[in-house]
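Asks: Dropping a structure here in structure tokens format, bear with me for questions.
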Amino acid sequence: MLNVTVLVSGGGTNLQAVLDAVDSGKIQNARVAAVISNNPGAYALERAKKHQIPAYCVSPKAYGTREAFHKALLDTLRDTEADLVVLAGCLVVIPDSIIREYRGRMINIHPSLIPSFCGTGYYGLKVHEEALKRGVKVTGATVHYVDEGTDTGPILLQKAVEVKPGDTPEILQRRVMEEAEWVLLPQAIHMIANGRITE
Ligand code: GRF
């Protein structure tokens, strides 16, 4: 059984998709062992609690230095005995010390077809604003392993989503979540848990 620890910062709809996929059997041989948020107000923490899953908040505001925060985050991850770390809407820039420890065992979901609309500054609605500004007709989502760069690690899965006339960033974000993110992330976890992906 693969122990999955999910790192979140906000609403946690991707976390919810993973929890639902475990419950429905779409994800097998894996369980969500813990959820960690940097943001005490993240609704994702409530979703975890409703599922009786240990939920931790490790906020940078509680630590005097960035180093102390990073150490607390690593210590918490270790405590959860994570085999796989999933970044699901996690806005913390993961430090090299954590990336080293979880190399090949940490994945991220990004709401575009990497290498488009990714890297520093491309998060949340910004990704979809830029896609609309550029006038692309197809966008999507990507699940990738995490390395030292921003959205640069090896790609695991991608799914395309149509951009439609009249789309706003909010409408496009919702479609990318429904059609791609909530499908891909559970699929990636299932594949890893069942030995169907190697880096
Ligand atoms: C998603 O679009 C995810 O791809 C991005 O941040 C958003 C998080 O949404 N990294 P949620 O917290 O899972 O609802």
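Read-outs throughout are calculated quantities, based only on the coordinates presented, and are distinct from any laboratory measurement. As the structure is a computational prediction, the values presented were derived from the model and not from experiment. Cβ placement follows ideal geometry from the backbone for every residue including glycine, while neighbour counts extend to all protein chains displayed.
Asks: Give, rounded to the nearest 20 debye, the magnitude of the charge dipole that the chain has about its Cα centre when Lys and Arg contribute +1 at Cβ and Asp and Glu contribute -1 at Cβ.
Replies: Using only the charged Cβ atoms, the result is roughly 180 debye.
Asks: Now for a different question. Report, for the chain, the % of DSSP beta bridges that are antiparallel, rounded to 5. Kindly include the intermediate steps, with their values, before the conclusion.
Replies: Numbers: 11 of 28 bridges.
Counting only bridges with both partners in the chain, antiparallel ones make up about 40 percent.
Asks: Right, another one. How much FRET efficiency would the formula 1/(1 + (r/R0)^6) give for GLN158 and ASP83, where r is the Cβ-Cβ distance and R0 is 22 Å, rounded to 0.05?
Replies: Result of the calculation: an efficiency of 0.40.
Asks: Something else: Take the alpha carbon gyration tensor of segment 39-105, find the square roots of its eigenvalues, order them as a ≥ b ≥ c, and report rounded if a/c is under 1.5; if not, report prolate when a/b exceeds b/c, else oblate.
Replies: Working: a/c = 1.81, a/b = 1.20, b/c = 1.51.
Taking the square roots of the gyration eigenvalues as a ≥ b ≥ c, segment 39-105 is oblate.
Asks: Given the C-alpha atoms of the chain, compute the convex hull and give its volume per residue in Å³.
Replies: Enclosed volume per residue, from the Cα hull, is 112 Å³.
Asks: Taking only DSSP H segments of four or more residues, each worth -39500 (n - 2.57), what value at 222 nm results for the chain once the sum is divided by all its residues, to the nearest 500 deg cm²/dmol?
Replies: -10500 deg cm²/dmol
Asks: Based on the mean of other beta carbon atoms within 10 Å per residue, what is the order of 65-72, 79-86, most packed first?
Replies: The densest-packed peptide leads the list: 79-86, 65-72.
Asks: Where does each of CYS90, CYS57, CYS118 land when they are ranked from fewest to most other beta-carbon atoms within 10 angstrom?
Replies: Starting with the residue having the fewest Cβ neighbours, the order is CYS57, CYS118, CYS90.
Asks: For a footprinting-style exposure proxy, rank SER37, SER24, SER97, SER112 by other Cβ within 10 Å, fewest first.
Replies: Ranking SER37, SER24, SER97, SER112 by Cβ neighbours within 10 Å, fewest first, gives SER24, SER97, SER112, SER37.
Asks: Using 7 Å Cα-to-Cβ label points, what is the ASP96/ASP20 separation (nm, one decimal)?
Replies: 4.0 nm
Asks: Then there is this: Students often forget the sequence filter, so: which lysines lie under 24 Å Cα-Cα from LYS164 once same-chain residues fewer than 8 apart are removed?
Replies: In chain and number order, the partners are LYS126, LYS133, LYS137.
Asks: Taking the beta-carbon count within 10 Å as an exposure proxy, list ILE36, ILE98, ILE197 from fewest neighbours to most.
Replies: Starting with the residue having the fewest Cβ neighbours, the order is ILE197, ILE98, ILE36.
Asks: So between ARG66 and LEU132, what do we pick up on full extension, going 0.36 nm a residue minus the alpha carbon distance? Show your work: numbers first, answer last.
Replies: Numbers: separation 66, 0.36 × 66 = 23.76 nm, distance 3.51 nm.
Gain on extension, ARG66 to LEU132, equals 20.3 nm.
Asks: With the contact rule set at Cα under 8 Å and sequence spacing of 6 or more, what percent relative contact order holds for segment 61-130?
Replies: Worked out over segment 61-130, it gives 25 percent.
Asks: Moving on. Straight-line reach from LYS71: which lysines fall under 22 Å, measuring Cα to Cα and dropping same-chain residues less than 8 apart?
Replies: Within reach: LYS61.
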